[in-house]
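This report refers to the structure that appears directly beneath it.
The values are calculated or read from the model by the stated rules, or taken from the named source; none is laboratory data. In this text, all values refer to a predicted model and were calculated from it rather than measured experimentally. FYI the Cβ positions are ideal-geometry reconstructions off the backbone, even for glycines, and counts take in every protein chain you see.
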Amino acid sequence: MTQTPIRLAVNGRIHHVDAAPDTALLYALRNDLELNGPKYGCGLGECGACAVLIDGIAARSCVIPISGCVERDIVTLEGLGSRDHPDPVQAAFIGEQAAQCGYCLNGMIMTTKALLMRNPRPSETEALEALRYNLCRCGAHVEIMRAVMRAAGHVVEALD
Ligand code: FES
C-alpha cells in the first residue's frame, strides 16, 4: 500500500516526506531532510538533544510523530543562522565556548531561543528553570548558563 507523503514546513521551506505517519520528526529531519542539528540522545523525550522549535516552542522531536507536524512551523538549528550569520544565541554560545563534546548544544541553543522569544530578558533563575530538563553529561553547565545570559543581553563577567 502506498502512503501519502507528509507535508512539513521546515526552516521556511516546504518538504514532502515519504514516511509512515508515526515516524518521529527527528528521523524525518535527520534521515529524509539531512538536517543533523537535532541529535538523537535518549529517544524518550528526556534529554533535550533533539529539540526543535515548533510554532516557536521548544519541542522534543524524538517523540513527536510527523503526522502531528503538518501545518506547523518547524525550525531546526540550521534554520536559526549560518556560519557566516549566526543567530545571536548561536553567537553567544560560540563566544562563551560553551561546549565540551557539544552533543547537547542543539537542545541548549533551541531551548534558549524559545525562552528568549517568549521572555527576551530572563533572569538567571528563569533561564535555569527553562533549561533544567536539558541534560549535559560533560558538566559544561557554567559556560552554558553564561552563554544564555549573554544571549539575553546581560553583562557576563570575564572568567579568571
Ligand atoms: Fe529527544 Fe533525548 S533524544 S529528548
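Of note:
- Looking only at the range 1-13, and only at residues there that are over 15 Å from Glu78 (Cα atoms) and in a strand (DSSP E or B), the one that is nearest to the ligand (Cβ to nearest atom): Leu8
- Close pairs (7 angstrom Cβ cut-off, 6 or more residues apart or separate chains): within 14 Å of Ile109 (Cβ to Cβ) in the range 31-42, part of a loop (DSSP other than H, G, I, E, B) and small (Gly, Ala, Ser) anywhere: Lys39/Ala49
- Tally of residues being among the small types (Gly, Ala, Ser), more than 23 Å from Val89 (Cα to Cα) and within 14 Å of the ligand (Cβ to nearest atom) across the range 17-42: 2
- Residue identified as within 14 Å of the ligand (Cβ to nearest atom) and at pLDDT 95 or above among Pro88, Pro65: Pro65
- Which numbered condition Ala130 misses (of (1) within 16 Å of the ligand (Cβ to nearest atom); (2) touching a Leu at 6+ places or on another chain (Cβ under 6 Å); (3) within 25 Å of Leu33 (Cβ to Cβ)): (3)
- Residue pairs whose Cβ atoms lie under 7 Å apart, separated by 6 or more positions or on different chains, with the first residue in the range 130-144 and farther than 14 Å from Arg60 by Cα and touching a residue at least 24 places away in the same chain (Cβ under 8 Å) and the second of a type in the set (D, E, K, R) and surrounded by 19 or more Cβ atoms within 10 Å (Cβ to Cβ), are Glu143/Glu96.
- Scanning the range 43-61 for residues that are in contact (Cβ under 8 Å) with a residue 60 or more places away in the chain and more than 6 Å from the ligand (Cβ to nearest atom) yields a count of 3.
- Of the criteria (1) farther than 22 Å from Pro120 by Cα; (2) surrounded by fewer than 18 Cβ atoms within 10 Å (Cβ to Cβ), which one Cys50 fails: (2)
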